[in-house]
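Here's the structure, in structure tokens; my notes come after.
Every number in this text was worked out from the coordinates using simple rules, so none of it is lab data. What you see is a predicted model, and the numbers here were worked out from it, not measured in a lab. As a convention, Cβ positions derive from the backbone with ideal geometry for all residues, glycine included, and neighbour counts pool all protein chains shown.
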Amino acid sequence: MKKKTTQFLPKTFVLFLIFLSFTSISNAQPGNALNFDGATTYVVIGPTGGVYTAGSSYTKEAWVLYNGANFFNAENIISSLDPFWVEGGHLRAANNYNGTTPDVEDPAVFTINHWLFVAVTYDATTGMMTLYKNGLVVATHTAPSSAAGQNYIGGYNDGGVKYIWQSNMDQVRIYNAVLTQANIQADMFSTTAAVPANLVGSYNFDVGTAGGTNTGLTTLPDASLAGNNGTLVNFTLTGGGSNWVESYAMVVPVATAATSVTGTSFNANWNTPAVGIIDSYIIDVSTVSDFSTGIAGSPYMAAFGTNTVAVTGLTAATTYYYRVRADKASVTGQGGYSNTITAISTLPVNSLSFNVSKASGSNLLQWSTGGELNTKNFELQRSSTGNNFITIATVNASGNSSTTKNYQYSDPLSLNPEPIYYYRLKMVDLNGNFTYSDILLIKNGRSITVTVYPNPTQDKVVINVTDKSLLNTTATLSDIGGKRLQNVPITQTVTTINISNYEKGVYLLRLANGESIKLVKD
């Protein structure tokens, strides 16, 4: 008998294999899907009695790519005697199906040629059935008790398996319990089940070689502990159809709020998907929420690694919507749509004049607008330092106006007011967008020749001079040890300097009259 020997690989090669392993894991999802031919192909799973008990609660989930080729025919996703299907472009579900009407139906037409996450839950306690698309509730209705029975993926047994799914399917899960919306949303982007204890079937479809010769690979493994493997029926398992194919499920960006909103532009933003390889992003922008028409320049394109795109040339006082999808050359156009973000390409107030003056025992704030669009209110904000503003009052706006509107508010002074008060307006519209006015300052009776704000600051400091004798003089900025950092010419009553390049700490601004002011960089 030969003695067993052990061979050791070079360390660098081992490290390469480890790196390659992690690279493969990161790229493994979404892996493969299964293509159904819409005529004869289906998968039978579990025992004849079903994977859950008749009369019990359940949850069914799947990522699907619907091509609409059999638009007016029924196409089943996951079925037993309690089918879950698409028909006439509408997502449907039923318990103990009577062959005529569903128990619940999504009123919206199903998205064609883009991966979409769908789910249905049935609560045996309340009798309520709920449909989800991309983690959002789209329909609810009461239903009779569940009937269970033999389970199929991609077909329905009506005197023979028929009503076959056409196109691709991936990541199917069946639970014997009602999942919450949070659970369903977690499952949408995870290969790990949200409630594994109630999982009675889990199928990730990562079998074979995408588009290759896979004859003989007719088992769909169950990743749950239930062991309810599936058997493929009538699949050719060669080529690009009726076979294991590349999936692009789960590769969905999350659109985030627009930034840099102006009267004619905004930045559309999104987060990178957690899984999948991405070549580029496609951004749809429209003035209608269903994106039936796009604006000039839409769809916008952005390379992978970019998570924002500037949308310009817009019309003021107009509501815009945007959504994002990921794209990859080998599965061009299949990326699922993100959530939809509403961006208002206008400021709440088209023009503004803002003034503060002294009145008897108060500071009088007066402002006027030259035009308003969906303006909700004005928040009057005050500070004694030029930052850390607090809201002291809220004044309702006109809402919509094309004429001049005048407003005012009297801010009563305490017996011991701060030497300086800074004021600004926060102008808020009905959708929550807002913008700020310029900052105004007013002295409260004490002799002050110079003020600086904001203080502390991170970058810019505004120097306001009220003593005209200081005009056309030079101030100096130094660190706390007395080292001169820069000269500051005072040629007008308001001067702005930038200290963003300095380290955090305390600095001194010395004026020509000998006065010194402490600045704090944070």
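If you add up the charges near residue 327, with Lys and Arg at +1 and Asp and Glu at -1, over every other residue whose beta carbon is less than 14 angstrom from its beta carbon, what do you get? Each step should come with its number before you reach the end.
Values: positive: 323, 325, 328; negative: 246, 279, 284.
Neighbour charge sum, excluding residue 327 itself: 0.
Can you put 92, 325 in order, fewest other beta carbons within 10 Å first?
Numbers: 92 23, 325 26.
Taking fewest neighbouring Cβ atoms as first place, the list is 92, 325.
Using only Cα atoms, find the angle between the long axis of helix 11-28 and the longest principal axis of the chain, and express it within 0 to 90 degrees, rounded to the nearest 10.
Rounded to the nearest ten degrees, it is 90.
Placing +1 at every Lys and Arg Cβ and -1 at every Asp and Glu Cβ, with all other atoms neutral, what dipole size does segment 40-164 have around its Cα centre, in debye to the nearest 20? Kindly include the intermediate steps, with their values, before the conclusion.
Details: 4 positive and 9 negative charges, 30 e Å.
So the magnitude is around 140 debye.
Quick check for me: using +1 on Lys/Arg Cβ and -1 on Asp/Glu Cβ, what's the dipole size of segment 375-522 about its Cα centre, in debye to the nearest 20?
Numbers: 15 positive and 11 negative charges, 30 e Å.
Computed charge dipole of segment 375-522: roughly 140 debye.
Given Cα positions, please report Rg to Rh for segment 374-417, the hydrodynamic radius being the Kirkwood one. Don't skip to the answer; put the middle values down first.
Values: Rg = 13.5 Å, Rh = 12.5 Å.
So for segment 374-417, dividing Rg by the Kirkwood Rh gives 1.08.
Students often get this wrong, so check it: of 358/468; 376/460; 376/521; 358/405, which have C-alpha atoms separated by over 24 Å? Before the final figure, lay out the partial values.
On the way: 358/468 21 Å; 376/460 31 Å; 376/521 35 Å; 358/405 22 Å.
Pairs exceeding the cut-off: 376/460; 376/521.
Using the C-alpha gyration tensor of segment 254-344, what are the square roots of 5 times its eigenvalues, in whole angstrom, with the largest one first? Don't skip to the end; give the middle numbers.
Details: eigenvalues 102, 34, 24 Å².
Taking √(5λ) for each Cα gyration eigenvalue gives 23, 13, 11 Å.
Would you mind getting me the FRET efficiency between residue 142 and residue 109? Use the beta-carbon distance for r and R0 = 25 Å, nearest 0.05. Each step should come with its number before you reach the end.
On the way: r = 24 Å, r/R0 = 0.96.
Efficiency at R0 = 25 Å is approximately 0.55.
Using alpha-carbon positions, what is the distance between the centroids of segment 473-487 and segment 199-256, in Å?
That distance is 71 Å.
Which of 491, 111 has the fewest other C-beta atoms within 10 Å, and how do the rest follow up to the most?
On the way: 491 11, 111 17.
Sorted ascending by nearby Cβ count, the order is 491, 111.
What Kirkwood Rh does segment 450-521 have if only Cα atoms enter the pairwise 1/r average? Answer in Å. Don't skip to the end; give the middle numbers.
Numbers: mean 1/r = 0.0827 Å⁻¹.
Value: 12.1 Å, from the Cα pair sum.
Arranged by the count of other C-beta atoms within 10 angstrom, fewest first, what order do 323, 382, 173 take? Display every interim value, and only then the final one.
On the way: 323 21, 382 17, 173 24.
Final ranking by Cβ density, sparse to dense: 382, 323, 173.
How many angstrom lie between the C-alpha centres of segment 111-170 and segment 368-444?
What the calculation gives is 53 Å, centre to centre.
How much of the calculated P(r) for segment 44-132 lies past 15 Å, in percent of all Cα pairs? Write down the numbers at each step before the final one.
Values: 2282 of 3916 pairs.
Cα-Cα pairs in segment 44-132 separated by more than 15 Å: 58 percent.
How would segment 30-246 be classified by its alpha-carbon gyration tensor: rounded, prolate or oblate, with rounded meaning a/c under 1.5 and the a/b versus b/c comparison settling the rest?
rounded
Report which label in (i) 98, 71, 44; (ii) 84, 53, 44; (iii) 84, 60, 40 holds the value of Cα extents along the principal axes in Å derived from the coordinates of this structure.
Given (i) 98, 71, 44; (ii) 84, 53, 44; (iii) 84, 60, 40, the structure-derived one carries the label (i).
Find how much the distance from residue 180 to residue 414 grows on full extension, using 0.36 nm per residue of separation minus their present alpha carbon separation; answer in nm with one decimal.
Details: separation 234, 0.36 × 234 = 84.24 nm, distance 5.34 nm.
Gain on stretching residue 180 to residue 414: 78.9 nm.
Going by a ≥ b ≥ c, the root eigenvalues of the Cα gyration tensor, does segment 372-522 fall in the rounded group (a/c under 1.5), the prolate group (a/b larger than b/c) or the oblate group? Write out the running numbers ahead of the final one.
Numbers: a/c = 2.34, a/b = 1.95, b/c = 1.20.
Judged from the Cα gyration tensor, segment 372-522 comes out prolate (a/c at least 1.5, a/b above b/c).
Can you report the principal axis dimensions of segment 349-443 using only the alpha carbons, biggest first, rounded to whole angstrom?
40, 25, 18
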